[in-house]
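Heads up, the thing below is written out as structure tokens.
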């Protein structure tokens with residue numbers, strides 16, 4: 001009789017454990033189902049990428065601006081070359097006046113020094129002018145690129161537009177002054193380059209560089225040329 005009661009107790013306990021286990025399983029499945037429903041309800045973030053160097057090089061505004069700067073560079077270089085010729089001539093005059101009277105030779109030397117100073121100033125100023133104008137052009141093109149990205153982001157429903165930095169890789173060697181193989185990067189060099197990269201990989205369909213190029217060139221075509 002005692003054994004019968006003992007068996008009955010074990011059966012009851014087993015049934016209780018089975019009910020608890022089934023209840024837990026149902027709750028877990030229900031929670032998982034709810035979690036999946038919530039994840040499905042959340043709209044994935046739509047991210048696009050732009051290769052800014054490619055956009056700049058293909059921008060009509062940039063190529064036109066660089067064409068103008070190249071023309072300016074030739075004009076300024078012509079002025080520098082002319083003044084350089086005058087300086088070389090003045091220097092030659094001084095060299096040929098070894099036996100001349102001191103006042104005349106001093107005057108010729110002074111003229112040569114003035115030409116040299118003018119040449120140095122013109123060469124430095126010309127370079128500075130071109131660099132500043134180049135910076136102004138790049139800033140304007142970059143600003144228009146951001147505006148194009150903003151309009152395409154709203155038009156096509158992108159949530160974020162990032163600059164494509166997938167080409168950024170630690171080199172096996174840094175180039176030296178002549179563009180040849182130089183020093184190998186250190187651990188710190190490699191880490192710094194890796195930290196500058198934000199995109200590990202991406203599919204081609206999220207690259208909107210060509211759309212940005214076409215949009216920018218279309219807008220540039222509408223602008224009155226001065």
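The values are calculated or read from the model by the stated rules, or taken from the named source; none is laboratory data. In this text, all values refer to a predicted model and were calculated from it rather than measured experimentally. With ideal geometry, Cβ positions are generated from the backbone for all residues, glycine too; neighbour counts draw on all protein chains shown.
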Q.
Anything in the range 151-168 that is surrounded by fewer than 11 Cβ atoms within 10 Å (Cβ to Cβ) and not in a strand (DSSP E or B)? List them, or say none.
A. 154, 155, 157, 167
Q: Find all pairs meeting these conditions: Cβ atoms under 8 angstrom apart; at least six residues apart or on different chains; first residue within the range 171-185 and loosely packed, with under 10 Cβ neighbours inside 10 Å; second residue at pLDDT below 90.
A: none
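With a cut-off of at least 2 residues that are modelled with pLDDT under 55, name the helices (runs of 4 or more DSSP H) lying wholly within the range 1-95. Can you show your working first?
Working: elements: 2-41, 52-58, 60-95.
Ranges flagged: 2-41.
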**Q.** Set 115, 98: member being within 29 Å of residue 75 (Cβ to Cβ) and modelled with pLDDT under 95
**A.** 115
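Within the range 110-124, does at least one residue satisfy the condition of being within 30 Å of residue 60 (Cα to Cα) and under 47 Å from the mean Cα position of the chain (by Cα)? Reasoning before the result, please.
Kept after step one, since they are within 30 Å of residue 60 (Cα to Cα), are these residues of the range 110-124: 123-124.
Cutting the leftovers down to under 47 Å from the mean Cα position of the chain (by Cα) gives us 123-124.
Among the residues of the range 110-124, at least one is within 30 Å of residue 60 (Cα to Cα) and under 47 Å from the mean Cα position of the chain (by Cα), which makes the answer yes.
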Q. Which one of the conditions (1) closer than 30 Å to residue 143 by Cβ; (2) out of contact with any strand residue (DSSP E or B) (no Cβ under 8 Å at 6 or more places or on another chain); (3) outside any loop (DSSP other than H, G, I, E, B) does residue 212 fail to meet, given that it meets all the rest?
A. (2)
